[in-house]
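So the structure is just underneath, and the comments pick up after that.
The values are calculated or read from the model by the stated rules, or taken from the named source; none is laboratory data. Just so you know, these numbers come straight off a predicted model, no measurement behind them. Heads up, the Cβs are rebuilt from the backbone with ideal geometry, glycines too, and the neighbour counts pull from every protein chain shown. The area values use the complete protein model at the heavy-atom level, side chains included, leaving out ligands, DNA and RNA. Shrake-Rupley method; radii C 1.70, N 1.55, O 1.52, S 1.80 Å.
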Amino acid sequence: MTPVFVVGDVHGHRDALVRLLRDVGLLDSAERWVGGAARLWLVGDLVDRGPEGLEAIELVMRLEREADVRCLLGNHEVLLLVAERFGGENAWAGGPTFHDVWLANGGQRADLYGLRPEHIAWLVRRPALGREGASLVLHADTDRYLEFGRSLEEVNAAVAAILEGSDPIAHGAVLDRLSDRLALEDPARLNAMLEAFGVRRVIHGHTPIAIVRKCDPRDVVEPLLYADGLALNVDHCLFGGGPGFVTRL
C-alpha cells in the first residue's frame, strides 16, 4: 500500500517544512526526495505570515516534479493572487482594498514583489479539493465548497475558471468561501459534505488546532480528530511557534 502523508499550513516557514519532511524520511539532507512512491498532500496556505512564502512555493513546485506531491489551494494563495491582480480595488463595497486585506492577514511584501509568472501560473492551477481513498482533502473546514458544485470535479473546475479569469468580484467570492472556518463542527454541514462527495472523512487545515484546543501552539504535536472521527484537522500553527508535525494516514 502506498504510504500517504499530509502536512498542514506552512505559512512561509519553508525551512520548518524541510525539517518536518526530513524527520519522516521523505527528504534527505540535500532536500532531495527520498520517499520513493510515497504520496504527500499539502493542504494549502504555503504563503503569508512567515518570511519564506515564495521559497516554500518553489520547494513544493520542485517536489511535484520529483514525486507524487499534491498541493491544494488555500485562502492565503487566493489572497496573494488578488493582492497582485486587483490590489487597489475594494474587496467589497465601501471596504478596504484587496491589498489592505492581504496585509492585514499576514501578507509579506517579499512574496508579492517577488512573484513571477511561473509562480502565478502554478498558484492558479492549485485544486480546491482532493481525494485520498475514502477521505476528502481540503483546505478550509467549511461546507461552502458546495457553492461551487456537487462533485470534486465540478468544484475544482469552477474555482479554476474563476482564478484563470479577471473578475475581482468572482475572485473575492472564492476568497470569502475559503476563509470560512469551523463550519464542520456542525454535524449537518459536515454530513452534507460527506454525502455530496461520497467520502467517509474530511481532512483539512486552515483553523489552527491551538485555537480550537485553546492551548499554546508549542503544545500541538499531533492532528486533531473530531466529529466522532469524521474530521481530521492538521493545522499545526507553525506561524505561532508550533513545532509542526506530518500526519501519516
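Evaluated against (1) outside any helix (DSSP H, G or I); (2) open to solvent by 30 Å² or more (accessible area, probe 1.4 Å); (3) free of Cβ contacts under 8 Å to residues at least 40 places away in the same chain, Pro51 falls short on exactly one condition, (3). Checked against (1) over 18 Å from the mean Cα position of the chain (by Cα); (2) closer than 22 Å to Val60 by Cβ, Arg200 passes all but a single condition, namely (2). Only one of the listed residues (Leu73, Leu80, Leu103, Leu46) is assigned to a helix (DSSP H, G or I), crowded, with 19+ Cβ neighbours inside 10 Å and of a type outside the set (Gly, Ala, Ser). That residue is Leu80. For beta carbons closer than 9 Å, sequence separation of 6+ or different chains, a first residue in segment 225-249 that is in contact (Cβ under 8 Å) with a residue 40 or more places away in the chain and a second that is assigned to a loop (DSSP other than H, G, I, E, B) and among the aromatic types (Phe, Trp, Tyr), the qualifying pairs are Val234/Phe245; His236/Phe245. The criterion of at least 3 residues that are within 26 Å of Trp92 (Cα to Cα) and open to solvent by less than 20 Å² (accessible area, probe 1.4 Å) is met by the following helices (runs of 4 or more DSSP H) wholly inside segment 153-249: 168-179. Arg131 meets all of the listed conditions (1) of a type in the set (D, E, K, R); (2) open to solvent by less than 10 Å² (accessible area, probe 1.4 Å); (3) assigned to a strand (DSSP E or B) but one, namely (2).
Residue-wise test of (1) in contact with a Ser or Thr (Cβ under 9 Å, 6 or more places away or on another chain); (2) of a type in the set (Lys, Arg).
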position	(1), (2)
Phe5	yes, no
Arg19	no, yes
Trp33	no, no
Gly44	no, no
Asp48	no, no
Leu54	no, no
Glu58	no, no
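Each row is one residue, and each column tells you yes or no for (1) of a type in the set (A, V, I, L, M); (2) farther than 18 Å from Val124 by Cα.
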position	(1), (2)
Phe5	no, yes
Asp15	no, yes
Val34	yes, yes
Leu46	yes, no
Glu55	no, no
Arg62	no, no
Arg65	no, no
Leu79	yes, no
Ala93	yes, yes
